[in-house]
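Beneath this line is the structure, given in structure tokens, with notes to follow.
The values are calculated or read from the model by the stated rules, or taken from the named source; none is laboratory data. Nothing here was measured: the structure is a model prediction, and the numbers come from that model. We place every Cβ from the backbone using ideal geometry, glycine too, and count neighbours over all the protein chains shown.
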């Protein structure tokens, strides 16, 4: 035994589990001799911990009030509990705000289970290990570099987690009860399940045409399509060299803009060029950023970005010139750092609304400075205003200012190009007036536009662009992208129940996916013949775009070790509860603990769904009180007290009388045509499947046919 905290092992619970509906990390932690050292017995520990992480003051803990956790530390709590809260705080500091955590003792003295909500496994595990080191440093009164640790964790989170544009869409989907699955390590995400799924990739969707995206990437082609439809655009032409650029500039009339045909974020764009020297100097700058160079008429006014989603304007931002003011002492480079980059809204990560200005790597900026008679090392006179950027700075929300005719022009431009989500760049002196009055024009149509400028504008209020995109993909009320999901858990007969429910769905006309111990089945066809009663196989079913219903067998050990493969279900079946030697490695040793695991299956039943519970098992029947939806009991006989009471209250139950299956609702009974003569265990599984099919609205006649044909279906 030592005074140390050892992380023995870590489980990644990727779906709903015994701790929470959300993905979590469960660590088994040995605190050794620290079991005898609660926090109030360690001199100076409270002061050191609260000084290292001041944000812990926001943790309410069991007191339910600000400062609650630190109060627990003062009064005395154990290192495993402290490790939980420090892990949560480090996740928050890393930009992965979470609030759920639990620490519970096990049957082994000094060994605890610590569970925390996790948005990304690797980030949470890194935070857990960093938390262990921080807590030990506070215990042992050693220095610990919190800022460096947080910076490392933040960088890890930025590299592994969803970008802000995709994340805002996923968060909006979650708020609307739409499930999501991250399909790659990048930003490709599935919203919804099976046939009702949609896919997003940052601000592109599975409705975003590849042809439209190609058109938008070619600025000259885009303009050629917009002009015949009456959309105002600046006159311009593609040029091959600096000499041709100057010729076109003279034809169009000065001033002009020289820009790349397919770059973005304002890279390589030089504005308001007045002389041959300026035009020719701008050509290589634009050429370096795109495949072709365009010279077009300069439009006076401010740069604007209008976000169009599903044929509607949902947000708009305005740009401004970025300037510095000389003091007669500092260079341009120094003034940029002291006057601009010091702004807390600027940074390298995607979460910042404004980018860090880097003059040494920006040839466009250098050319702009040269036109004003400066370079990076020049020292502007006191009071001299120097412009360092003229475009690519859209950061001021102006959604409420947009004139309806301007909005209509933006929507028309997106429709002509064929984009369901588009960022429309236009230049105008006043966006509250029609473009024909201001001489404004649409200069670009962009596919996959960044949403960050609308989520975190430097000025003005954020706009709910994620909600707009989700509403576009899932129009109408109660459109949550879900298919019927049936989960089966328990200690007996779960594979047979799963196969029978799969057959009931097949007979009911569903193209059902089934993941169980006997394999993975698509519409009764075995596509995998290994044990598929696990999270990964379940996810494959939900990702299949042909599946319109899904059935999952989830063993108790799978709930404990990885969580359920779906977030909520329409029907949750629990067959039996009993302890098993196989569960002792999870420190689950008695029937009450098994019950606590299997309640997960009932907890995830939607309010519009049903829990199908075995009334012949008293502990299973007792789970009824935990269900948000309806409860349907099944039993070998109606002569079970819980069934009798349930029917008396108008509930539904399935049981057997004289060899026939009975569907009962209150005092009303319907006897199925099919006769059953199975052994008791097989009959119990049959009843569970019948109850599940009944809960899904499959007709009694089809249920009867399924009962009669199930055994022969197993050879298919």
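Checked against (1) over 16 Å from residue 611 (Cβ atoms); (2) out of contact with any strand residue (DSSP E or B) (no Cβ under 6 Å at 6 or more places or on another chain); (3) buried (at least 20 other Cβ atoms within 10 Å of the Cβ), residue 707 passes all but a single condition, namely (2).
Out of curiosity, is residue 615 in contact with a helix residue (DSSP H, G or I) (Cβ under 7 Å, 6 or more places away or on another chain), farther than 30 Å from residue 565 by Cβ and assigned by TED's automatic domain parsing to the domain that holds residue 556?
Answer is no for this residue.
When the range 321-355 is limited to residues that are over 35 Å from the mean Cα position of the chain (by Cα), surrounded by 16 or more Cβ atoms within 10 Å (Cβ to Cβ) and touching a residue at least 60 places away in the same chain (Cβ under 8 Å), the one that is farthest from residue 167 (Cα to Cα) turns out to be 326.
Residue check: residue 109 meets all listed conditions (1) part of a helix (DSSP H, G or I); (2) out of contact with any strand residue (DSSP E or B) (no Cβ under 9 Å at 6 or more places or on another chain); (3) closer than 16 Å to residue 38 by Cβ but one, namely (1). Contact map, the range 455-475: residues that are on the phi > 0 side of the Ramachandran plot paired with residues that are modelled with pLDDT under 95, Cβ distance under 7 Å, separation 6+ or inter-chain. Pairs shown: 460/396. Of the residues making up the range 198-222, those that are without any contact (Cβ under 8 Å) to a residue 40 or more places away in the chain and closer than 18 Å to residue 424 by Cβ are 214, 221.
Listed here are the residues, each with its yes/no results for (1) under 32 Å from the mean Cα position of the chain (by Cα); (2) crowded, with 22+ Cβ neighbours inside 10 Å; (3) on the phi > 0 side of the Ramachandran plot; (4) not assigned by TED's automatic domain parsing to the domain that holds residue 505.
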{"residue": "550", "(1), (2), (3), (4)": "yes, yes, no, no"}
{"residue": "574", "(1), (2), (3), (4)": "yes, yes, no, no"}
{"residue": "577", "(1), (2), (3), (4)": "no, yes, no, no"}
{"residue": "589", "(1), (2), (3), (4)": "no, no, no, no"}
{"residue": "595", "(1), (2), (3), (4)": "yes, no, no, no"}
{"residue": "601", "(1), (2), (3), (4)": "yes, yes, no, no"}
{"residue": "610", "(1), (2), (3), (4)": "yes, yes, no, no"}
{"residue": "619", "(1), (2), (3), (4)": "no, no, no, no"}
{"residue": "626", "(1), (2), (3), (4)": "yes, no, no, no"}
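Going residue by residue through the range 445-454, is there one that turns out to be over 26 Å from the mean Cα position of the chain (by Cα) and crowded, with 18+ Cβ neighbours inside 10 Å? Yes: one or more hits. Residue by residue through the range 193-213, note down the ones that are surrounded by fewer than 19 Cβ atoms within 10 Å (Cβ to Cβ) and either in contact with a helix residue (DSSP H, G or I) (Cβ under 7 Å, 6 or more places away or on another chain) or part of a loop (DSSP other than H, G, I, E, B) (or both). Passing the criteria: 206, 207, 209. Taken together, 119, 97 contain a single residue that is out of contact with any strand residue (DSSP E or B) (no Cβ under 7 Å at 6 or more places or on another chain), buried (at least 19 other Cβ atoms within 10 Å of the Cβ) and outside any helix (DSSP H, G or I), which is 119. Within the range 393-425, being modelled with pLDDT under 95 and in contact with a helix residue (DSSP H, G or I) (Cβ under 8 Å, 6 or more places away or on another chain) holds for 394, 395.
The residue of the range 298-316 that is farthest from the chain's Cα centre (by Cα), among those that are modelled with pLDDT under 95 and either part of a strand (DSSP E or B) or more than 30 Å from residue 460 (Cα to Cα) (or both), is 302.
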